[in-house]
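*Asks:* Just dropping this structure here.
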Amino acid sequence: MDTAKKKDVFRDGAITPEFVMNSIAKHSVKTDIGAHSIFLGQIRKDEIDGKKVNAIEYTAHKEMANAQFHIIREDAFTKYNLNCMHIYHSLGAVNTGEISLFVFTSSPHRRDAIDACNEIVERIKQEVPVWGKEILEDGGHVWKEN
C-alpha cells in the first residue's frame, strides 16, 4: 500500500523567481546531493492568427491531477536514485515571461537528476489533467494543446 503523503503541487498564479531561488537555497544543507536538475516552463508570447498571447489561464481537476502527480513522483523515486524532488504547477493566469511549471530533482549524481527531471516533465505534459487557455491581446482566447 502506498503510504507516501500526497502533495498539492498547485500554486495560485505565476511561480516567482524568488520561490525558485528559495527552493534551491534550502538544499545547500543536504550535503549528500551532488546534482540538481531544474526545468522551468515559461509562458511564450506566441502569435495565433495574427494576435499575440498575453497570458495562459490554467485550470485543472485538482484531485485527479494531484493523484497523477503523486504517481509520477513515486515512479521517479523507484526508477532513479533521487534524494528529493519538487513539482509545482500554476493555476489561474500566468503572464508571458512568467513561470508556470517548476520541476526540481536532486541526486548524488547528475545523470539520475537530469534523466528523472526530463521524464517527469514529459509525463506531466502527457498524463496530468491540467488545461491552459491562451489569453490573446484582444481579449479572445484559444485552448492550448499540450
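The values are calculated or read from the model by the stated rules, or taken from the named source; none is laboratory data. All values derive from a computational prediction rather than experimental measurement. For neighbour counting, all protein chains shown are included, and Cβ atoms are generated from backbone atoms with ideal geometry for every residue, glycine included.
*Asks:* Could you give me the residue pairs with C-beta distances under 6 Å whose first residue belongs to region 107-118 and is charged (D, E, K, R), whose second residue is at pLDDT 95 or above wherever it lies, and which are 6+ apart or on separate chains?
*Replies:* R110/A35; D112/Y80; D112/N81
*Asks:* Is there a residue in region 94-107 that is in contact with a Leu (Cβ under 6 Å, 6 or more places away or on another chain) and aliphatic (A, V, I, L, M)?
*Replies:* yes
*Asks:* Right, another one. Kindly establish whether G139 is at positive phi and of a type outside the set (S, T, Y).
*Replies:* In short, yes.
*Asks:* If the requirement is being modelled with pLDDT of 95 or more and more than 18 Å from E127 (Cα to Cα), which of these qualifies: F69, F77, F104?
*Replies:* F104
*Asks:* Quick one: count up the residues across region 21-53 that are of a type outside the set (A, V, I, L, M, F, W, C) and buried (at least 17 other Cβ atoms within 10 Å of the Cβ).
*Replies:* Total satisfying the criteria: 3.
*Asks:* Filter region 53-76 down to the residues that are out of contact with any Phe, Trp or Tyr (no Cβ under 9 Å at 6 or more places or on another chain), hydrophobic (A, V, I, L, M, F, W, C) and part of a strand (DSSP E or B) and list them by number.
*Replies:* V53, A55, I56
*Asks:* Mind listing just one residue for me: the one in region 110-123 that is surrounded by fewer than 21 Cβ atoms within 10 Å (Cβ to Cβ) and touching a strand residue (DSSP E or B) at 6+ places or on another chain (Cβ under 6 Å) and, of those, nearest to Q68 (Cα to Cα)?
*Replies:* Per the stated criteria, the residue is V121.
*Asks:* Can you tell me which residue in region 56-88 is surrounded by the fewest Cβ atoms within 10 Å (Cβ to Cβ), limited to those that are in contact with a Ser or Thr (Cβ under 7 Å, 6 or more places away or on another chain) and in contact (Cβ under 8 Å) with a residue 40 or more places away in the chain?
*Replies:* Among them, the one singled out is C84.
*Asks:* Condition first: of a type in the set (G, A, S), surrounded by 11 or more Cβ atoms within 10 Å (Cβ to Cβ) and outside any helix (DSSP H, G or I). Can you find one or more residues in region 5-20 that meet it?
*Replies:* The answer is yes; a qualifying residue exists.
*Asks:* Pick from region 26-52 the residues that are of a type in the set (A, V, I, L, M, F, W, C) and part of a strand (DSSP E or B): which of them is nearest to L91 (Cα to Cα)?
*Replies:* Per the stated criteria, the residue is L40.
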